[in-house]
Amino acid sequence: MPTHRNNRAPVRVTGTEFASYTEYLVIRTKKRRELRHLTPELEAIVERSGVLDGFMLVSAMHITAAVFVNDNEGGLHEDIWEWLEKVAPFGPDYRHHRTGEDNGDAHLKSMLVHHEVTLPITKGGLDLGTWQEVFYAEFDGMREKRLIVKVSGLAG
Amino acid sequence: MPTHRNNRAPVRVTGTEFASYTEYLVIRTKKRRELRHLTPELEAIVERSGVLDGFMLVSAMHITAAVFVNDNEGGLHEDIWEWLEKVAPFGPDYRHHRTGEDNGDAHLKSMLVHHEVTLPITKGGLDLGTWQEVFYAEFDGMREKRLIVKVSGLAG
Amino acid sequence: MPTHRNNRAPVRVTGTEFASYTEYLVIRTKKRRELRHLTPELEAIVERSGVLDGFMLVSAMHITAAVFVNDNEGGLHEDIWEWLEKVAPFGPDYRHHRTGEDNGDAHLKSMLVHHEVTLPITKGGLDLGTWQEVFYAEFDGMREKRLIVKVSGLAG
């Protein structure tokens, strides 16, 4: 098998105290479509959770938003918006609009990007790669939207 | 940071009894392509699990199906099918069909929508937003397909 | 509700010993774009973890790669590459390239396929369907890339 172990050694921890910690974030964007960088706030939540090893679920509680991991680079973010608009375009012709809405594209963009990510927690911190940053993607904003952040795992 | 806490206060629970509960669902759709609303059955599984705080994984055990979270609105569901057909169309020209199959599009649709979701469990129930509903998407049905539903977390 | 239980009975396990085990894999592909079949190595990691029931997170630590579950069939893999190139094409015109990179397409492909999967562990093994296999998808390789594999759940 051509994969091999890194110098980073395997980590095994066991224990009898399990903790689960949940926070709800509220985001109200100024524009209808906007990215929000979440990593620093998520790192603070890991610390408040007391969880040393486990998982963090970051999940939009709305169906016109998404969460993803990628690069914090402005040019790429413009590319992402252009790409989302190409694959799931805004437009007047969605059947969903018979309900009075005009955000059919936002539902499809949410499916395309996915509404949640699961992140690893090791040694009390987010265990991400060098360039990995977590973003909230708002596709129909300018109103209060919620995110749930749940950390579960071994504590203390 | 422009996010702020909601009125919903953070929840931290710890304990020493951890439970993991698994059910396998079987779905046989009448049509080749069909959506199935899963939320009520998933809520019943949380209750049977006895898990009070943790995660639920809902994962198709097949590679021509998917699971997603979005709105339970019929017009939108038609939009979703039209969009899936545009981005990953049914057709005769897939190399996968050299195996005798005709479902190359179903594999691509499964990758596009994603075959699994992880849902948060808080206070013994699914912790979803107001409009979030869970769906199984069948892309090559009319035969028995399985889903695994696993709930893990603090119990009692 | 038209779903019904399979012959596979529900499984509930409880305990007080929780374990979390993490390995980091390094992959260096020979080609810029390449799929790598991970299932056998992941099964070995479950065994080394000692976890009997819980979840495994398999997550690329890079933003130009992805992890997915689908069929181990060569024709389908060619279809997947052709589809990825159609939906998120390689090209010179990404704004991200103003940074000196030429991999804008690889970031979009990573978002499309998703960078991580969560897999169920039951009775000490990966609980996958008959045809489900786990793949690493490299979109900008020929250099060392890392994956984190974390298994958490009940042990012993």
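The values are calculated or read from the model by the stated rules, or taken from the named source; none is laboratory data. Worth saying up front: this structure is predicted, and the values here are computed from it rather than measured. Glycine also receives a Cβ, built like all others from the backbone with ideal geometry; neighbour counts cover every protein chain displayed. Keep in mind that these areas ignore ligands, DNA and RNA; they rest on the heavy atoms of the full protein, side chains included. Shrake-Rupley method; radii C 1.70, N 1.55, O 1.52, S 1.80 Å.
Among the residues of the stretch B:142-156, those identified as more than 7 Å from every other protein chain (Cβ to nearest Cβ) and either in a strand (DSSP E or B) or aromatic (Phe, Trp, Tyr) (or both) are B:145, B:147, B:149, B:151. Looking across C:47, C:78, one residue alone is more than 24 Å from residue B:24 (Cβ to Cβ) and not basic (Lys, Arg). It is C:78. Filtering the stretch A:8-51 to residues that are under 29 Å from residue B:19 (Cβ atoms) and among the β-branched types (Val, Ile, Thr) leaves A:11, A:13, A:14, A:16, A:22, A:45, A:46, A:51. When residues in the stretch C:124-134 are screened for being surrounded by fewer than 23 Cβ atoms within 10 Å (Cβ to Cβ) and part of a strand (DSSP E or B), 3 of them pass.
If I filter the stretch A:8-23 for residues that are closer than 30 Å to residue C:30 by Cβ, more than 10 Å from chain B (Cβ to nearest Cβ) and polar (S, T, N, Q), do I get at least one hit? Looking for residues that are closer than 30 Å to residue C:30 by Cβ, more than 10 Å from chain B (Cβ to nearest Cβ) and polar (S, T, N, Q), one finds none in the stretch A:8-23, hence no.
To keep it simple, each residue is scored yes or no on (1) open to solvent by less than 10 Å² (accessible area, probe 1.4 Å); (2) under 30 Å from residue B:154 (Cβ atoms); (3) more than 8 Å from every other protein chain (Cβ to nearest Cβ).
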position	(1), (2), (3)
C:98	no, no, no
C:103	yes, no, yes
C:108	yes, no, no
C:113	yes, no, no
C:122	no, yes, no
C:140	no, no, yes
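Residues considered: A:119, A:76, A:126, A:112. Of these, the only one that is in contact with a Leu (Cβ under 8 Å, 6 or more places away or on another chain) and within 23 Å of residue C:103 (Cα to Cα) is A:112. One residue stands out among those in the stretch A:29-40 that are charged (D, E, K, R) and in contact with a strand residue (DSSP E or B) (Cβ under 7 Å, 6 or more places away or on another chain): the one that is farthest from the other protein chains (Cβ to nearest Cβ), which is A:33.
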